[in-house]
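Colleague: Mind having a look at this structure? Questions to follow.
The values are calculated or read from the model by the stated rules, or taken from the named source; none is laboratory data. A quick note: this is a predicted structure, and the numbers were derived from the prediction, not measured. Backbone-built Cβ (ideal geometry, glycine too); neighbour counts: all protein chains shown. Accessible surface areas use protein heavy atoms only, side chains included; no ligands, DNA or RNA. Shrake-Rupley method; radii C 1.70, N 1.55, O 1.52, S 1.80 Å.
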2 protein chains.
Amino acid sequence: MTNIAICAPATPITREHAHALEDLVAAEFPDTNVTFHDQCFEREGHFAGNDLRRLTALLDCANDSAFDAVWFAKGGYGSNRIAEAAVAQMNDAARSKTYIGFSDCGYLLAALYRHGIGQCAHGSMPVSARSEGGRQAVRRVLQWLGGDNSGLEPSLDGKTPAVAFNLITLAMISNTPLMPDLSGHVVMVEEVSEHLYSIDRLFFHLAGSLPRIAGLRLGAVTDVPENYVEFGQSEVDIAKFWCERIGVPYLGRAEIGHTSANRVVPFGLASPSRAA
Amino acid sequence: MTNIAICAPATPITREHAHALEDLVAAEFPDTNVTFHDQCFEREGHFAGNDLRRLTALLDCANDSAFDAVWFAKGGYGSNRIAEAAVAQMNDAARSKTYIGFSDCGYLLAALYRHGIGQCAHGSMPVSARSEGGRQAVRRVLQWLGGDNSGLEPSLDGKTPAVAFNLITLAMISNTPLMPDLSGHVVMVEEVSEHLYSIDRLFFHLAGSLPRIAGLRLGAVTDVPENYVEFGQSEVDIAKFWCERIGVPYLGRAEIGHTSANRVVPFGLASPSRAA
């Protein structure tokens with residue numbers, strides 16, 4: 001049996017989101033339990049409760065040895081504000097867990113990975129369980145937690161450590177106390193709802209943080225807003241330009257992003273979850 | 001006579017913008033000449049010519065001893081891509097000039113200030129000369145270049161060095177080879193067209209770069225897009241929160257921003273322009 005605790009370090013979900021995931025798990029994953037922390041449904045302004053509430057809920061889940069995994073309910077914005085405090089207060093139970101999420105929750109994955117706490121993985125989140133496409137992405141996470149690797153990002157070779165981040169999240173993590181050492185890693189980045197000039201600007205900012213990585217893969221870049229003028233380069237052109245400028249191999253695309261095709265990327269060396 | 005060269009390190013302007021500024025200067029500033037580099041009107045995708053063209057035009061203006069000042073025509077996005085190369089190729093003539101711009105052109109101001117090249121100033125740009133409000137802002141720059149300090153940001157005390165930046169521009173500059181040492185400075189930041197959660201995120205990212213500054217002033221935060229939920233804190237709340245979190249004095253507002261009220265902020269110790 002895999003016991004998964006769910007909390008919301010950034011923005012809240014609704015009870016309908018929770019029921020949709022519970023229905024999916026009951027129907028298809030008989031060896032899995034999901035437990036939603038009440039904090040998932042709270043709201044304070046933009047956030048799922050204030051910083052202390054979100055931090056406390058995350059620690060409730062992480063530090064409880066009854067759970068094998070902590071799944072972040074939704075991104076949005078806000079996990080950055082509690083990530084440093086969270087890793088500082090995690091106990092031995094927290095260190096043997098799996099943590100899954102992406103987008104804004106990359107702040108937590110970064111901090112956990114930097115501090116060697118548990119097994120982190122980029123993967124879709126419970127908020128997606130209400131649509132058929134979203135359920136496909138959510139199934140990949142549940143399958144992976146159950147020991148089925150069919151939903152992993154296909155380029156993972158089991159030999160080169162990998163990480164996956166939202167591009168702006170990684171840019172904001174760089175040069176902060178959350179930043180892990182990515183030397184020798186394949187770094188996968190995806191983005192949503194950013195102008196192409198913003199994508200270019202984020203690679204500019206990251207340039208100094210990436211020189212020792214093994215290579216870069218570009219995930220999906222979706223919902224790019226219309227600008228008053230065409231940027232003149234595609235997202236692939238931009239990624240290649242900056243890889244060339246900083247001397248990093250551009251390795252092609254990755255099947256990650258804010259889409260139903262979003263695959264699971266276990267941080268470090270790709271492997272079945274410790275929770276399996 | 002003050003001779004001003006105008007180039008476009010980021011995005012282009014039109015001949016109509018140029019004529020509007022020329023008319024204003026002819027009518028009100030008889031001791032000033034403005035010379036537009038042809039590159040101002042070129043376009044390649046998003047940019048006012050490719051990187052090499054924009055770099056060459058900037059160096060044409062900066063390295064020519066016939067000019068007292070270089071005024072950046074417009075922001076947008078792109079000066080970051082040429083800033084490092086530009087400061088590396090500047091000659092003695094470039095070192096005795098005044099450089100004016102803001103928004104995206106903050107990348108250049110940062111690099112110039114870091115390398116002690118000339119006198120930098122945050123100020124409105126020629127692109128604004130076509131509207132009555134914009135002309136008010138443009139007049140402040142021309143007055144300051146002529147030795148009239150009435151358009152300076154009022155909080156400047158002549159004793160504490162100051163800088164002014166667009167917030168996302170400063171965040172992208174931090175921890176890059178463009179970043180100047182801002183220890184002991186009053187740092188003024190403004191923003192336009194960013195969500196409040198993005199403002200919060202940018203302060204998070206900058207937190208590690210600002211601890212030794214003398215204080216922070218918040219300029220105008222304009223055209224904040226509607227979000228699906230109220231953030232729950234105002235821009236002032238956000239600035240105060242992060243100042244408190246990193247132990248930096250919050251000094252109040254500054255009259256800078258993407259508005260016609262935008263004031264001139266000479267970098268370093270406020271003083272009349274060297275070009276006067």
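Colleague: Testing A:Asn175 on (1) crowded, with 22+ Cβ neighbours inside 10 Å; (2) within 12 Å of chain B (Cβ to nearest Cβ), one condition comes back false. Which one is that?
Modeller: (1)
Colleague: Now, a different point. Of all residues in the range B:9-27 being hydrophobic (A, V, I, L, M, F, W, C) and within 14 Å of another protein chain (Cβ to nearest Cβ), which is surrounded by the fewest Cβ atoms within 10 Å (Cβ to Cβ)?
Modeller: Per the criteria, the residue is B:Ile13.
Colleague: Just checking, does the range B:65-80 include any residue being under 28 Å from A:Glu226 (Cβ atoms), among the charged types (D, E, K, R) and within 14 Å of chain A (Cβ to nearest Cβ)?
Modeller: yes
Colleague: Follow-up. Whether any residue in the range B:182-189 is surrounded by fewer than 19 Cβ atoms within 10 Å (Cβ to Cβ), out of contact with any Cys (no Cβ under 8 Å at 6 or more places or on another chain) and more than 14 Å from chain A (Cβ to nearest Cβ) is what I want to check.
Modeller: yes
Colleague: Out of all the residues in the range B:186-196, is one or more under 28 Å from A:Leu178 (Cβ atoms) and in contact with a helix residue (DSSP H, G or I) (Cβ under 6 Å, 6 or more places away or on another chain)?
Modeller: Yes, some residue in the range B:186-196 is under 28 Å from A:Leu178 (Cβ atoms) and in contact with a helix residue (DSSP H, G or I) (Cβ under 6 Å, 6 or more places away or on another chain).
Colleague: Does A:Leu170 satisfy the criteria of being among the aliphatic types (A, V, I, L, M) and open to solvent by 30 Å² or more (accessible area, probe 1.4 Å)?
Modeller: Considered against the rule, which asks whether it is among the aliphatic types (A, V, I, L, M) and open to solvent by 30 Å² or more (accessible area, probe 1.4 Å), A:Leu170 comes out as no.
Colleague: Cβ-Cβ under 8 Å, sequence separation 6+ or interchain: first residue in the range B:28-44 and within 14 Å of chain A (Cβ to nearest Cβ), partner modelled with pLDDT under 95 and surrounded by fewer than 17 Cβ atoms within 10 Å (Cβ to Cβ). Which pairs?
Modeller: Pairs found: B:Arg43/A:Val229; B:Glu44/A:Gly232.
Colleague: For the range B:248-264, which residues satisfy the criterion of being open to solvent by less than 60 Å² (accessible area, probe 1.4 Å) and in contact with a Pro (Cβ under 9 Å, 6 or more places away or on another chain)?
Modeller: Answer for the range B:248-264, where residues must be open to solvent by less than 60 Å² (accessible area, probe 1.4 Å) and in contact with a Pro (Cβ under 9 Å, 6 or more places away or on another chain): B:Val248, B:Ala254, B:Arg263.
Colleague: Also, quick follow-up: Taking the options A:Leu218, A:Leu178, A:Leu251, A:Leu167, name whichever one is closer than 30 Å to A:Gly147 by Cα, of a type in the set (A, V, I, L, M, F, W, C) and out of contact with any strand residue (DSSP E or B) (no Cβ under 9 Å at 6 or more places or on another chain).
Modeller: A:Leu178
Colleague: Condition test on A:Ala5, is it open to solvent by less than 50 Å² (accessible area, probe 1.4 Å) and in contact with a Ser or Thr (Cβ under 8 Å, 6 or more places away or on another chain)?
Modeller: When the stated conditions are applied, A:Ala5 passes them.
Colleague: Another one. Residues that are at the interface with chain B (Cβ under 9 Å from one of its Cβ atoms), open to solvent by less than 50 Å² (accessible area, probe 1.4 Å) and within 20 Å of B:Glu44 (Cα to Cα): does the range A:230-244 have at least one?
Modeller: Scanning the range A:230-244 turns up at least one residue that is at the interface with chain B (Cβ under 9 Å from one of its Cβ atoms), open to solvent by less than 50 Å² (accessible area, probe 1.4 Å) and within 20 Å of B:Glu44 (Cα to Cα).
Colleague: Give me a count of the residues in the range A:193-223 that are more than 13 Å from every other protein chain (Cβ to nearest Cβ) and open to solvent by 30 Å² or more (accessible area, probe 1.4 Å).
Modeller: 5
Colleague: For the range B:128-147, give me the residue count where each residue is of a type outside the set (Gly, Ala, Ser) and touching a Leu at 6+ places or on another chain (Cβ under 9 Å).
Modeller: 7
Colleague: When you look at A:Ala85, is it open to solvent by 10 Å² or more (accessible area, probe 1.4 Å) and either of a type in the set (Ser, Thr, Tyr) or within 14 Å of chain B (Cβ to nearest Cβ) (or both), yes or no?
Modeller: So A:Ala85 fits the description; yes.
Colleague: While we're on this one: For the range A:49-70, does any single residue satisfy the condition of being over 13 Å from A:Ala5 (Cα atoms) and not in a helix (DSSP H, G or I)?
Modeller: There is at least one residue in the range A:49-70 that is over 13 Å from A:Ala5 (Cα atoms) and not in a helix (DSSP H, G or I).
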